[in-house]
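As structure tokens, the structure follows; a few thoughts come after it.
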Amino acid sequence: MKILLTGATGYIGKRLLPVLLEQGHEVICCVRDIDRFPQEGIYQHPNIALLEIDFLEPIPAAGANPDNEKSRNEKIREIEVAYYLIHSMSTNSKDFGQLEATSAHNFIQLVKPTAVRQIIYLGGITNSTQLSRHLASRKKVEEILSQSGIPVTALRAGIIVGSGSASFEIIRDLVEKLPVMIAPKWLNTRTQPIAIRNVLEYLTGVLGKPQTLNQAYDVGGPDILSYKEMLLQFAQVRGLKRFIFTVPVMTPRLSSYWLYFVTATSYQLATNLVNSMKVEVIAKDRTLEQLLGITPIPYQKAVELAFQKIEQNNVVSSWKDSLVSSNVDNSLLEHIKVPEAGCFTDCRQKPITTSVNQVLDNIWSIGGRRGWYYGDWLWHIRGLLDKLVGGVGLRRGRTNKHTINTGDTLDFWRVLAADKQNQRLLLYAEMKLPGEAWLEFKIMQTDHGPFLRQTATFRPKGLLGRLYWYAVLPFHFFVFEGMVNNVIRYGNSLK
């Protein structure tokens, strides 16, 4: 079957893609930036085709660009099923509902002329009479898709439990960092978490099934829990004893700041989560579970399975790698070329006296728990300062210990280029700065042997940007010099 997969580089899309390929389907992956699509492993599968498209932009009118239009139409003309997995929950925009509606309308415009006979949509459970802005927008998108005239199968889920999911990582941060929690009263709101494995079973189970066309189904796990119970059961799985006290005085704004400073979430996502957590999310329709013969995974088992993936360093996708976890939600291509004019640079080049492969592995293992090879306490202070002024801070870490793909996050950096074959890693700073910053590692082959070139580039904005560069210059001397030396010097024993 020929399938169109939107959100292919998102949390769900990255996990659904291997399953579809394993089932023998041809998959056309829609991505905003082709450069963000991984180039290794299963992503080189012959049954994958790529289509670069931004659904927030109007689909070009017929004849506007004949060459691009012909190429696009040839790819998607024979698609039979289209997955709509685009979400804007953590966007910086205050009107993400309108963005989601625009995206849905443009998606319909794209697939309407094709042979598609089923749209599969993953939304949220909306059984409450009072919905948050997020859940209301999810419901609106479902309505837009259903009015297209193309048969739609809508799956409505609550909290998804899996390694790297936003809810899982937020709960993990709270449980592992806070022995005692003073929490808002909405922690008593009930919800029905579902394991990511079950979500994938539902998404593939309805594929091509005539009886699921023009139907909407609630999907959830077997447990109905309050958020407080979820935290305590999570702690039980981790062998931790935690105490939680709920108070009525924490406003939504205060609660959002609480999540923002304690966890790795952005403030925008924290705000939308808090508003949604005040709404009871419980499945009322469980017929699909019986129709597909799916066995729901209990909450604690789902947490255990997630940690198995983490311990095996096999986390396929993480919400942190989404562009909307950044302060700016734009294309990586805007920053891929490092500027030269009007910039300050700190370039250090050192001969590689150890193994080139080991140095390359060190570069590819930078950030997260392994750190930045020199002055980690300074990096942590910089991350804390960034968090205090509304930045992303260091808590995003990295998705995998030794694997880096273009578009991934590394603490408060974004990966612009991860070219292991050409031995180059380029990072773009997403911290709050009076300017823009890049950090590049490149192994150079010369007549005198291999060298590591490490270049920090800063393009200041106005006088404040220039003052900032000179203020941190003394720290750069020690941090960047120590870092380049230690990337070369350290072996696998470094943790």
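The values are calculated or read from the model by the stated rules, or taken from the named source; none is laboratory data. Everything quoted here is computed from the prediction, not taken from an experiment. Every residue, glycine among them, receives a Cβ derived from its backbone with ideal geometry; neighbour counts consider all protein chains shown. Note: accessible area is taken over every heavy atom of the protein model, side chains too, but ligands, DNA and RNA are not part of it. Shrake-Rupley method; radii C 1.70, N 1.55, O 1.52, S 1.80 Å.
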Among the residues of segment 389-409, are any open to solvent by 10 Å² or more (accessible area, probe 1.4 Å), under 22 Å from Val338 (Cα atoms), of a type in the set (Lys, Arg) and at pLDDT below 90?
no
Pull up segment 2-20, narrow it to residues that are open to solvent by less than 10 Å² (accessible area, probe 1.4 Å) and in a helix (DSSP H, G or I), then point me to the one that is nearest to Thr406 (Cα to Cα).
Gly13
Boolean, Ala62 is modelled with pLDDT under 90 and touching a helix residue (DSSP H, G or I) at 6+ places or on another chain (Cβ under 8 Å):
yes
Could you check, for segment 212-219, whether at least one of its residues is in contact with a Lys or Arg (Cβ under 6 Å, 6 or more places away or on another chain), modelled with pLDDT of 90 or more and part of a strand (DSSP E or B)?
yes
Limited to segment 404-449, what total is found for residues that are within 15 Å of the chain's Cα centre (by Cα) and not hydrophobic (A, V, I, L, M, F, W, C)?
8
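Quick one: would you say Tyr468 is aromatic (Phe, Trp, Tyr) and out of contact with any helix residue (DSSP H, G or I) (no Cβ under 8 Å at 6 or more places or on another chain)?
Against the criterion (aromatic (Phe, Trp, Tyr) and out of contact with any helix residue (DSSP H, G or I) (no Cβ under 8 Å at 6 or more places or on another chain)), Tyr468 qualifies.
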Among the residues of segment 240-261, which ones are of a type outside the set (Ser, Thr, Tyr) and within 28 Å of the chain's Cα centre (by Cα)?
Leu240, Pro252, Arg253, Leu254, Trp258, Leu259, Phe261
Residue under question is Ile144, and the condition is that it be touching a strand residue (DSSP E or B) at 6+ places or on another chain (Cβ under 9 Å) and either modelled with pLDDT of 90 or more or over 14 Å from Tyr83 (Cα atoms) (or both); does it hold?
no
Counting only residues that are modelled with pLDDT under 90 and outside any loop (DSSP other than H, G, I, E, B), which one in segment 324-366 is farthest from Phe478 (Cα to Cα)?
Val324
What are the residues in segment 172-217 that are under 30 Å from Thr153 (Cα atoms) and of a type in the set (A, V, I, L, M, F, W, C), if any?
Ile194, Ala195, Ile196, Val199, Leu200, Leu203, Val206, Leu207, Leu213, Ala216
So which residues in segment 220-237 are free of Cβ contacts under 8 Å to residues at least 40 places away in the same chain and part of a helix (DSSP H, G or I), if there are any at all?
Glu229, Leu232
Among the residues of segment 248-255, is any out of contact with any Ser or Thr (no Cβ under 7 Å at 6 or more places or on another chain), surrounded by fewer than 19 Cβ atoms within 10 Å (Cβ to Cβ) and among the hydroxyl-bearing types (Ser, Thr, Tyr)?
yes
